[in-house]
Amino acid sequence: MKLQYLGTAAAEGTPGIFCQCDLCVEAIKRGGKDIRTRSQAVMDDRLLIDFPPDSYWHMIRHGLNLPAMEHALITHTHEDHLYLNELFYRCKGFCDTRSHLTLYGNDALVRQVAIYLQQNHLTEDAARLSVVELTAFVPARLAGYTVTPLLAAHAKNEKCFIYIIEKDGKRLLYGNDTGIFPEATWRYIKGLRFDLISLDCTHGKDREGSNHMGVPDLIDIKQRLTREGNADKDTVFVATHFSHNGGLLHHQLEEALHPHGYLAAYDGMSVQV
Ligand SMILES: [Zn+2]
Ligand SMILES: [Zn+2]
Ligand SMILES: [Zn+2]
């Protein structure tokens with residue numbers, strides 16, 4: 001399986017839209033891996049994870065075949081992970097595509113899509129868009145993968161998901177946005193070994209753990225994941241979803257994360273497992 005990171009920033013991007021902090025000014029100066037767009041990833045060029053406002057730019061920048069995409073897992077409905085307005089351009093008159101896109105996620109996603117269709121007087125056929133509700137800890141078959149939503153420690157007003165994604169004997173954990181996992185999630189994954197574990201590092205050098213994570217949380221959680229049989233020496237660990245408020249440029253993230261066995265994701269990075 002190939003996981004490609006299309007965007008690796010938290011909600012406001014890096015540089016943050018409208019931000020003039022030292023890190024954002026320096027990020028603009030340096031460019032390259034220090035420019036981070038809102039978080040999105042794609043499995044094997046065919047299963048999208050999240051649909052942020054930068055999806056259009058990801059299509060241009062990374063050669064993503066967005067018109068052909070038929071499946072998108074949504075972690076939760078915060079705007080940096082679900083930007084429904086852009087999906088209006090799937091309608092006839094704006095595009096020529098034969099693909100029908102299905103979004104998969106929590107009950108809040110289902111409600112938001114229903115409101116979107118109603119407000120725009122659209123049927124699912126006219127919108128070329130459907131939604132399927134997933135249930136925490138219940139595996140689903142979609143797009144050739146087995147996908148199991150797990151509960152995240154994130155927004156308190158919706159059941160945010162992180163995902164186990166399995167195919168061909170490989171198993172991956174896509175984990176942002178979340179703080180240190182809720183105990184129900186730890187119970188479910190106990191003993192499940194992952195080939196790749198991708199985690200939230202919104203807070204950069206700082207500890208947080210209840211809603212997001214920073215490097216100190218990532219060090220702790222890796223120890224527990226290893227203890228509980230979720231990871232061994234061959235498991236690839238990746239940190240992503242970085243905020244400029246975390247205070248670290250890309251090379252500083254690498255300096256902080258590499259000694260603890262984490263790759264620091266950047267926009268466009270691919271990992272094969
Ligand atoms: Zn986010
Ligand atoms: Zn800033
Ligand atoms: Zn969020």
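Values quoted throughout were computed directly from the atomic coordinates according to the rules given, and no laboratory measurement underlies them. These numbers come from a predicted model, not from an experiment. Glycine also receives a Cβ, built like all others from the backbone with ideal geometry; neighbour counts cover every protein chain displayed.
At a glance:
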read-out	value
Extreme residue, farthest from ligand 3 (Cβ to nearest atom), among residues of segment 221-265 that are small (Gly, Ala, Ser) and over 17 Å from the mean Cα position of the chain (by Cα)	Gly229
Near pairs, Cβ below 9 angstrom, 6+ apart or cross-chain, from segment 1-14 (among the charged types (D, E, K, R)) to any residue that is in a loop (DSSP other than H, G, I, E, B)	Lys2/Asp44; Lys2/Asp45; Lys2/Val273; Glu12/Phe18; Glu12/Cys19; Glu12/Asp80; Glu12/Ser243
Test: Ile49 is within 16 Å of ligand 3 (Cβ to nearest atom), hydrophobic (A, V, I, L, M, F, W, C) and surrounded by 13 or more Cβ atoms within 10 Å (Cβ to Cβ)	yes
In segment 11-40, the residues that are closer than 15 Å to Ala264 by Cβ and of a type in the set (A, V, I, L, M, F, W, C)	Leu23, Ala27, Ile35
Any hit, segment 64-83, residues being among the hydrophobic types (A, V, I, L, M, F, W, C), more than 20 Å from Leu122 (Cβ to Cβ) and surrounded by 13 or more Cβ atoms within 10 Å (Cβ to Cβ)	yes
Options Arg30, Arg36: the member that is within 16 Å of ligand 2 (Cβ to nearest atom), closer than 23 Å to Ser243 by Cβ, in contact with a Pro (Cβ under 9 Å, 6 or more places away or on another chain) and charged (D, E, K, R)	Arg36
Lone unmet requirement of (1) without any contact (Cβ under 8 Å) to a residue 60 or more places away in the chain; (2) surrounded by fewer than 21 Cβ atoms within 10 Å (Cβ to Cβ); (3) within 16 Å of ligand 1 (Cβ to nearest atom) for His121	(3)
Condition check for Gly179: within 18 Å of Pro139 (Cβ to Cβ), within 16 Å of ligand 1 (Cβ to nearest atom) and within 18 Å of the chain's Cα centre (by Cα)	no
Selected residue [within 16 Å of ligand 1 (Cβ to nearest atom), free of Cβ contacts under 8 Å to residues at least 40 places away in the same chain and under 28 Å from Ser270 (Cα atoms)] from Leu66, Leu48, Leu73	Leu48
Which listed residue, of Lys190, Lys205, Lys170, Lys156, is loosely packed, with under 15 Cβ neighbours inside 10 Å, under 25 Å from Asn245 (Cβ atoms) and away from ligand 3 (no atom under 16 Å from the Cβ)	Lys205
